[in-house]
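Undergrad: Please see the structure below; I have some questions.
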Amino acid sequence: MLELRNISYEVDDNHDNKEILKDVSVKIEDHFVAITGPNGGGKSTLAKMIAGIIKPTSGQILLDGEDITEFDITERAKKGISFAFQQPVHFKGLTVKDMITIAAGKDMTVTEICNILSEVGLCAREYIDREINSSLSGGELKRIEIAMIAARGTKMSIFDEPEAGIDLWSFNSLIKVFEKMRDEINGTILIISHQERILNIADKIIVIADGRLEKVGTKEEVLPALLDTAESCKTLTDKL
């Protein structure tokens, strides 16, 4: 279980302190959790803070009761936290097989790697020896990154807007991958997303707006109000 206690984060904006996160307290213990809310509300900042990329100005982060607030990204990775960026990183000269083996932190057989690639909907024969470079599409890179996280088998897997920059076909395929992960993976999947289809498969939804925790609950408790708000905003925009 991950617990955030009174998390705040400030940045220096032209010598004026700007609050990005404001006294956020929440427990993340469900199997599949989605964080959503308006753009600029602090969602990605919160995800990076959980991963250890940035540290809070104040407050505590606990993983299974252990205070990891001061741990950096490497220390948190060793504790079982994985992070997938919005734009997957390219590594010149490294193949898909290399990356999955590195992510797993152990030697893997070709069969094991092929099984992981198959789980994310990629034909292993076509991808296992391909180099991670610009010849791969956004959807392919996203699936390979998911395969890397699956190979690690961590306590918490964080995905920051996995739908960003991919086409509708790839997005539909990603939904199936996440549904499979939700049903089979051990640990917690934490996804930052605006997409209704991703929110619909979450066990719990956390809403962050203007740096504050607005609401936490099941999709039945949270999603109707979010959809009503989105529809109201769309109607207002259409009128303008």
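Undergrad: Out of E221, E214, E231, report the one residue that is modelled with pLDDT of 80 or more, farther than 20 Å from G138 by Cβ and part of a helix (DSSP H, G or I).
TA: On the way: E214 fails: part of a helix (DSSP H, G or I); E231 fails: modelled with pLDDT of 80 or more.
The conditions single out E221.
Undergrad: Any chance region 88-111 includes a residue that's within 30 Å of D210 (Cα to Cα) and touching a strand residue (DSSP E or B) at 6+ places or on another chain (Cβ under 8 Å)?
TA: Looking through region 88-111, none of the residues is within 30 Å of D210 (Cα to Cα) and touching a strand residue (DSSP E or B) at 6+ places or on another chain (Cβ under 8 Å).
Undergrad: Being surrounded by fewer than 21 Cβ atoms within 10 Å (Cβ to Cβ), in contact with a strand residue (DSSP E or B) (Cβ under 9 Å, 6 or more places away or on another chain) and over 16 Å from R212 (Cα atoms) is the requirement here; does N6 meet it? First the steps, then the outcome.
TA: Working: surrounded by fewer than 21 Cβ atoms within 10 Å (Cβ to Cβ): yes; in contact with a strand residue (DSSP E or B) (Cβ under 9 Å, 6 or more places away or on another chain): yes; over 16 Å from R212 (Cα atoms): no.
Judged against the criteria, N6 is not a match.
Undergrad: Hey, another quick one. Evaluate the following for G153: is it under 30 Å from D64 (Cα atoms), surrounded by fewer than 19 Cβ atoms within 10 Å (Cβ to Cβ) and modelled with pLDDT under 85?
TA: Values: under 30 Å from D64 (Cα atoms): yes; surrounded by fewer than 19 Cβ atoms within 10 Å (Cβ to Cβ): yes; modelled with pLDDT under 85: yes.
Considered against the rule, which asks whether it is under 30 Å from D64 (Cα atoms), surrounded by fewer than 19 Cβ atoms within 10 Å (Cβ to Cβ) and modelled with pLDDT under 85, G153 comes out as yes.
Undergrad: Give the number of residues within region 151-185 that are part of a helix (DSSP H, G or I), of a type in the set (A, V, I, L, M, F, W, C) and farther than 22 Å from P38 by Cα.
TA: 6
Undergrad: Scan region 105-131 for residues that are under 30 Å from T36 (Cα atoms) and either aromatic (F, W, Y) or in contact with a Lys or Arg (Cβ under 9 Å, 6 or more places away or on another chain) (or both) and jot them down.
TA: Answer for region 105-131, where residues must be under 30 Å from T36 (Cα atoms) and either aromatic (F, W, Y) or in contact with a Lys or Arg (Cβ under 9 Å, 6 or more places away or on another chain) (or both): L117, E119, V120, G121, L122.
Undergrad: Looking for something under 19 Å from the mean Cα position of the chain (by Cα) and at positive phi - is there at least one such residue anywhere in region 11-19? It would help to see each step written out before you state the result.
TA: Keep residues of region 11-19 that are under 19 Å from the mean Cα position of the chain (by Cα), which gives none.
Checking region 11-19: not a single residue is under 19 Å from the mean Cα position of the chain (by Cα) and at positive phi.
Undergrad: Okay, next question. Going by the structure shown, is K18 among the basic types (K, R) and either crowded, with 18+ Cβ neighbours inside 10 Å or over 30 Å from E179 (Cα atoms) (or both)?
TA: Judged against the criteria, K18 is a match.
Undergrad: Would you mention how many residues in region 18-44 are in contact with a helix residue (DSSP H, G or I) (Cβ under 7 Å, 6 or more places away or on another chain), of a type outside the set (V, I, T) and more than 13 Å from N6 (Cβ to Cβ)?
TA: Total meeting the criteria: 4.
Undergrad: Still on this structure, please answer the following. Say we look at region 64-79 and pick out the residues that are of a type in the set (V, I, T) and over 12 Å from L2 (Cα atoms); which of these is surrounded by the most Cβ atoms within 10 Å (Cβ to Cβ)?
TA: Looking at the filtered set, the residue picked out is I73.
Undergrad: Find all pairs meeting these conditions: Cβ atoms under 9 angstrom apart; at least six residues apart or on different chains; first residue within region 123-137 and closer than 19 Å to T111 by Cα; second residue part of a loop (DSSP other than H, G, I, E, B) and small (G, A, S).
TA: From region 123-137, the pairs are E131/G93.
Undergrad: Between a first residue in region 27-39 that is at positive phi and a second residue that is of a type in the set (K, R), which pairs have beta carbons less than 6 Å apart while being 6 or more apart in sequence or on different chains?
TA: Pairs that qualify, where the first residue is at positive phi and the partner is of a type in the set (K, R), are G37/K43.
Undergrad: Oh, and also: Give region 53-111 a look and list any residue that's modelled with pLDDT under 90, more than 17 Å from S157 (Cβ to Cβ) and among the β-branched types (V, I, T), or say none.
TA: T95, V96, T101, T109, V110, T111 - these are the residues of region 53-111 that are modelled with pLDDT under 90, more than 17 Å from S157 (Cβ to Cβ) and among the β-branched types (V, I, T).
Undergrad: How many of the residues in region 49-63 are among the charged types (D, E, K, R) and buried (at least 19 other Cβ atoms within 10 Å of the Cβ)?
TA: 0
Undergrad: Go through region 128-150 and give me each residue that's outside any helix (DSSP H, G or I) and either surrounded by 21 or more Cβ atoms within 10 Å (Cβ to Cβ) or aromatic (F, W, Y) (or both).
TA: I132 - this is the single residue of region 128-150 that is outside any helix (DSSP H, G or I) and either surrounded by 21 or more Cβ atoms within 10 Å (Cβ to Cβ) or aromatic (F, W, Y) (or both).
The values are calculated or read from the model by the stated rules, or taken from the named source; none is laboratory data. Note that the structure is a prediction, hence the values are computed from the model and not measured. Cβ sites come from the backbone with ideal geometry, for glycine too, and all protein chains shown count toward neighbours.
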